[in-house]
Amino acid sequence: MGRGEKNEREAALFAIIEVLERQTFIQEALAGTAVSGEGRAYVGRVVRGVVERAIELDERIACYASMKLKRMHPVVRNILRLGCFELRYLDQIPGSASVNECVKLAKACGQQRASGMINAILRKIASGSEEALTEAGRVSMPAWIWEMWRKRFGRERALRIAESFLAERPPVLRVNPSRISPEELRRIYQEEGIALRPIESLPGVFVLEQAGSVETLPGFVKGWFYIQDAGAIRVLQEAGLQPGERVLDCCASPGGKAFLAAELVGASGFVEARDKTDKKVALLRENAARLHYSHIRIRKHDALVWEEASREAFDLVIADVPCSGLGVLGRRPEIKYRLKKEDIESLTDLQSRIFDCVCGYVRPGGRLLYATCTISEAENEAQTAAFLRRHPEFEFYRERLFFPDEGEVPQDGFYACVMRRKAGSMSDMSKALGPEGVGADLG
């Protein structure tokens, strides 16, 4: 690691503690580290790697530890995780150097009494012997999530799904054709030595094949492109948007689906993007301004609160509802340590309440797109089936579960279901809802 090595490891250690012990998000924990240059790249790689693989690392450590990990001091526990990750996944760091630096780090952090234990455990891991891991440990997934997927999809498919979340996920750029053509963007980037790989099934969408900050790329400030997961793009394609249509995105921040909808309906169409907090609305406005969309309206509004003025006013309503996020574990691995099995029940209640409210904004003959970024039957297929039983004025059109292990590039897991409002139908729910909707304003 060279000069500054100890400080970089210490920064990584305390960021790991912030995420795994104090439930801070990775992005926030990394933002608090005072390391720059190559050291920052090391810290980011190690923090993300340890968080992604904490369950696996814990099983490996437990093979050699006489004390249970949960009884160890948090500093000791996470030095062991950091060291184990370096030994298993960072080949450029010699094993002996990694062990020695972790021992020094323990002493520097006031854990001198544990330094002998740390040294012994890490040296055994460094010996190269293969520890016996559970299936859930192999893919570093909480046992309840692993079992849910194994029972539903079978062992082999569940393994592919879980393993895909551990794969590297390069940024995906969707070109904004109102600012630049895909061909021109690619030509400019080639001249700049920036490698882009087109996704053949998604015209105008490219994989950025190099590390670095997307904010510093040519054209970012000018709105030439938007960073959007390939799976999220495919979700909106299910809705079959046409030029001139009116679209409402009820839970829109940060705006990817709303902005793609604005592109698809064109200047003759209209998109309204809503969210319930000032922070989310500010992010929507910031992104919309960068992309120079003039036919998109952004408003603060809680999707649980009925708005009479929007009754039957839209060709497409997008209900991209709050969910467990089990489809985005490749980008936000910390979610799997925060989420509990019982959380899904409370989420399904919230989802159905949003569903029941916003469906009244769909015009007769229009469509309702229900979407999540999760792989949970209770939040997906079971949710839409229950909605259709409650709302006979809607009919099923199509649904699709986008798996993270399929496609030309690693993508998030999504669910999309499109339902049609029967022509000439009257929405019992929208007639019954008064100005207070189905819930109080939570914003």
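No value in this document is a laboratory result; all are computed from the given coordinates. None of these values were measured; they are calculated from a predicted model. Note that each Cβ is placed from the backbone with ideal geometry, even for glycine, and that neighbours are counted across all protein chains shown.
Here are a few things to note about the model shown:
- Cα centroid of the stretch 19-33 to Cα centroid of the stretch 316-335, whole Å: 19 Å
- Share, in percent, of DSSP beta bridges within the stretch 230-432 that are antiparallel, nearest 5: 45 percent
- Counting neighbouring Cβ atoms within 10 Å and putting the fewest first, the residues 220, 387 line up as 220, 387.
- Taken over the stretch 3-124, the ratio of Cα radius of gyration to 2.2 N^0.38 Å equals 0.96.
- Among 387, 294, 402 - extreme Cα towards positive end, dipole of the stretch 230-432, charges at beta-carbon: 294
- Between residue 225 and 176, the built amide H atoms are under 5 Å apart, and every one of these is 5 or more places off in sequence or on another chain.
- Note on the chain: dipole from Cβ charges, positive end direction compared against 268, 41, 166; the farthest Cα belongs to 41.
- Computed over the alpha carbons of the stretch 172-226, Rg followed by Dmax gives 10.1, 27 Å.
- Interchain or long-range residues, amide H under 5 Å from residue 272's placed H: 247, 248, 249, 297
- Proxy reagent accessibility, fewest Cβ within 10 Å first, across 144, 149: 144, 149
- The chain: antiparallel DSSP beta bridges as a percent of all, rounded to 5: 55 percent
- Dipole magnitude of the chain, debye to nearest 20 (Cβ charges: Lys/Arg +1, Asp/Glu -1, about Cα centre): 900 debye
- Relative contact order %, the chain, counting alpha carbon pairs below 8 Å whose residues are six or more apart: 13 percent
- Over 31 Å (Cα to Cα) - which of 341/422; 124/336; 279/341 fall in this group: 341/422
- Per-bin percent of Cα-Cα distances, the chain [10 Å]: 4, 19, 27, 24, 16, 8, 2, 0
- When only alpha carbons are used to place a centre, the stretch 49-110 and the stretch 389-413 end up 40 Å from one another.
- Computed E for residue 147/residue 68 - FRET, C-beta separation, R0 35 angstrom, nearest 0.05: 0.95
- Under the span-like rule (Cα at least 24 Å along the axis, Kyte-Doolittle mean at least -0.5), DSSP H helices of the chain: none
- Remark on the stretch 224-379: Rg and Dmax equal 15.3, 45 Å (Cα only).
- Potential lengthening between residue 268 and residue 138 on full extension [0.36 nm per residue; Cα-Cα distance subtracted]: 41.6 nm
- For the stretch 254-320, convex hull volume per residue from C-alpha positions, Å³: 88 Å³
- Charge dipole (Cα centre; +1 on Lys/Arg Cβ, -1 on Asp/Glu Cβ; no other charges) of the stretch 172-226 amounts to roughly 160 debye.
- Over the residues of the chain, the helix contribution to mean residue ellipticity at 222 nm works out to -13000 deg cm²/dmol, using -39500 (n - 2.57) for each DSSP H run of at least 4.
- By the count of neighbouring beta-carbon atoms within 10 Å, fewest first, 25, 14, 206 end up ordered 25, 14, 206.
- Quarter of Cα convex hull surface for the stretch 153-246, i.e. mean projection, nm²: 8.2 nm²
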